[in-house]
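See structure below.
Every number in this text was worked out from the coordinates using simple rules, so none of it is lab data. Everything numeric in this text was worked out from a predicted model, so none of it was measured. Please note: Cβ atoms are built from the backbone with ideal geometry, for glycine as well, and neighbour counts cover all protein chains shown.
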Amino acid sequence: MCTSFTIIPTHSTVSSESAVATVSHSIVAEPPPIHTTNAATTIYATANLQQYGLSDEAFQFAWKGYQKLLENKQISRSEYLTICDFSQPSSQKRLYIVDVENQKLITNTYVAHGKNSGNEYATKFSNTPESLQSSLGFYVTANTYIGAHGLSLRINGVDKGYNDKALARTIVIHGAAYVDPARAKAGVFMGRSYGCPAVPQKESAEIITTIKNGTCLFILKY
């Protein structure tokens, strides 16, 4: 029997929706196949993700959804899995780009959340236009364009009711001066976006070029 794969945020709320962030990919409720579980466990260990602050629980959530998107042929580039862990404060490097094929972490850096999602921690999420909040769930990266923040990457939310208005809201990955490692060193939380997962300006072009055109992005809070 199939059911929704549900993530229950411990201390977060989802504006205009339930307090549950549902990753609606009809993921089978029974334990995943052994080979899938083993692959996730192997990659997590080989890439030393725990050392970089990503919990096994977060990676398992991401891996299950990534596998479902693969099965549904919703992602055309399977080599990268990007995880944005909003369970961590913005002063920590909470964006992870995992090279699945080579089982290694290729990028670990800072990422902003929406200004109305919270200060140091993101606690509120919304799919509503003009909410200035981040949206949880799975995304498939799309094409790039040059906008107000320079090179930017469109992301298509695939969780209906939770992030499927991302394109209409112009929620994109872009570089921003307010996402600066110097702020973290000074003990100050990062600047916040209008809902976009903004990344450090100096790293944005490489990040965007790496994951554009059909890779999996997962934004979670648990």
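A single member of Thr123, Thr141, Thr109 is in contact with a Leu (Cβ under 9 Å, 6 or more places away or on another chain) and within 24 Å of Pro181 (Cα to Cα), and it is Thr109. Residues in region 173-222 that are at positive phi and either polar (S, T, N, Q) or without any contact (Cβ under 8 Å) to a residue 40 or more places away in the chain (or both): Asn213 only. In region 162-172, how many residues are within 13 Å of Phe138 (Cβ to Cβ) and in contact (Cβ under 8 Å) with a residue 40 or more places away in the chain? Total meeting the criteria: 2.
So, in region 84-120, exactly how many residues are outside any loop (DSSP other than H, G, I, E, B) and surrounded by fewer than 23 Cβ atoms within 10 Å (Cβ to Cβ)?
Total satisfying the criteria: 8.
Could you tell me how many of the residues in region 171-182 are out of contact with any Ser or Thr (no Cβ under 9 Å at 6 or more places or on another chain) and within 13 Å of Ala198 (Cα to Cα)? Total meeting the criteria: 2. Please verify whether region 129-146 includes one or more residues that are assigned to a strand (DSSP E or B), under 23 Å from Met190 (Cβ atoms), of a type in the set (Gly, Ala, Ser) and free of Cβ contacts under 8 Å to residues at least 40 places away in the same chain. Checking region 129-146: not a single residue is assigned to a strand (DSSP E or B), under 23 Å from Met190 (Cβ atoms), of a type in the set (Gly, Ala, Ser) and free of Cβ contacts under 8 Å to residues at least 40 places away in the same chain.
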